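Visitor: Below is the structure I would like to discuss, written out as structure tokens.
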Amino acid sequence: MGKITEKNMFTENQIQELNEAFKDASPIAIIKKAFELNNKAVVTTNFRPYEAVILHAVNLVEAKVPVVWCDTGYNTPQTYRHAEQVIKDLDLNVFLYVPKQTTAHRDVVMGIPSIDKPEHALFTEQVKLEPFRRAMAEHKPKVWFTNLRQGQTAFRNSIGIFSLSKDGVLKVSPFYYWSDEKLDGYLEENNLSNEFKYFDPTKALENRECGLHA
């Protein structure tokens, strides 16, 4: 299988072959394969629990890969402190993307609407989807590393290690089959911090799909 180019995007059959071939592979082997396919890659993160794992693993294979952090502006103080610590410890090449409207301004005109309110779609667009689209438009990656895992949502149960985004970017989830317990072991083994006080203002329930991956 050759490198990904503009004219050579993956077919569903090729994605299936990759998933079969790498189902039992180590995350590092998966990451190396993805870089072989195309090294124009980004890692996306929001510094939620266990994000340090994917950031550490990708950085091990390819130091200074662009790390796209889409900050909604509503993170907890603990998440911001955790993010600063991980960025410093791993010497990450972070590109920060934030909504075009400040949180203080939005709090006055909209607040945080519940998911059953008509304003919720606009809120999600402003704080999450637009910054993400802007990031991907600027970086134009062919490979997108993320820490999606099986069991998080019904949608995520169906995608596998390798999948294609709506825009045809090869999405790679090296820790797809890993449990929380295995990730805890990885964090401990590599002396990485973790933080569970995380808040996503676009979700009502922890297992709701965030919109970037659906």
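The values are calculated or read from the model by the stated rules, or taken from the named source; none is laboratory data. Note that this is a predicted model, so its numbers are computed, not measured. Here Cβ is always computed from backbone atoms with ideal geometry, including for glycine, and neighbour counts include all displayed protein chains. Please note that ligands, DNA and RNA were not included when accessible areas were found on the heavy atoms of the full protein model with its side chains. Shrake-Rupley method; radii C 1.70, N 1.55, O 1.52, S 1.80 Å.
Visitor: Since K166 meets every condition but one in (1) under 17 Å from C70 (Cα atoms); (2) surrounded by fewer than 19 Cβ atoms within 10 Å (Cβ to Cβ), which condition does it not meet?
Guide: Unmet for K166, out of (1) under 17 Å from C70 (Cα atoms); (2) surrounded by fewer than 19 Cβ atoms within 10 Å (Cβ to Cβ): (1).
Visitor: Mind counting the residues in the stretch 79-120 that are small (G, A, S) and open to solvent by 80 Å² or more (accessible area, probe 1.4 Å)?
Guide: Step one: list which residues in the stretch 79-120 are small (G, A, S), which gives 83, 104, 111, 114.
Checking which are open to solvent by 80 Å² or more (accessible area, probe 1.4 Å) leaves us with none.
The total comes to 0.
Visitor: Please work out if A137 is modelled with pLDDT of 95 or more, under 20 Å from the mean Cα position of the chain (by Cα) and among the small types (G, A, S). Reasoning before the result, please.
Guide: Numbers: modelled with pLDDT of 95 or more: yes; under 20 Å from the mean Cα position of the chain (by Cα): yes; among the small types (G, A, S): yes.
Judged against the criteria, A137 is a match.
Visitor: Within the set of pairs 6 or more residues apart or between chains, which connect a residue that is closer than 15 Å to D184 by Cα and touching a residue at least 12 places away in the same chain (Cβ under 8 Å) inside the stretch 40-65 to a residue that is open to solvent by less than 30 Å² (accessible area, probe 1.4 Å) and among the small types (G, A, S) with Cβ atoms less than 9 Å apart?
Guide: Here the result reads E51/A83; I54/S173, each pair linking the stretch 40-65 to a residue that is open to solvent by less than 30 Å² (accessible area, probe 1.4 Å) and among the small types (G, A, S).
Visitor: I want to confirm something. Restricting to the stretch 43-63 and keeping residues that are among the aliphatic types (A, V, I, L, M) and over 14 Å from S173 (Cβ atoms), which single residue is surrounded by the fewest Cβ atoms within 10 Å (Cβ to Cβ)? Steps first, answer last, please.
Guide: Applying the first criterion (among the aliphatic types (A, V, I, L, M)) to the stretch 43-63 yields 43, 52-55, 57-58, 60-61, 63.
Pick out the ones that are also over 14 Å from S173 (Cβ atoms) and you get 52, 60-61, 63.
Values: A52: 25, L60: 14, V61: 18, A63: 11.
For the stretch 43-63, the residue satisfying everything is A63.
Visitor: Take Y198 and tell me if it is farther than 30 Å from E12 by Cα, buried (at least 16 other Cβ atoms within 10 Å of the Cβ) and within 16 Å of the chain's Cα centre (by Cα).
Guide: On the way: farther than 30 Å from E12 by Cα: yes; buried (at least 16 other Cβ atoms within 10 Å of the Cβ): yes; within 16 Å of the chain's Cα centre (by Cα): yes.
Judged against the criteria, Y198 is a match.
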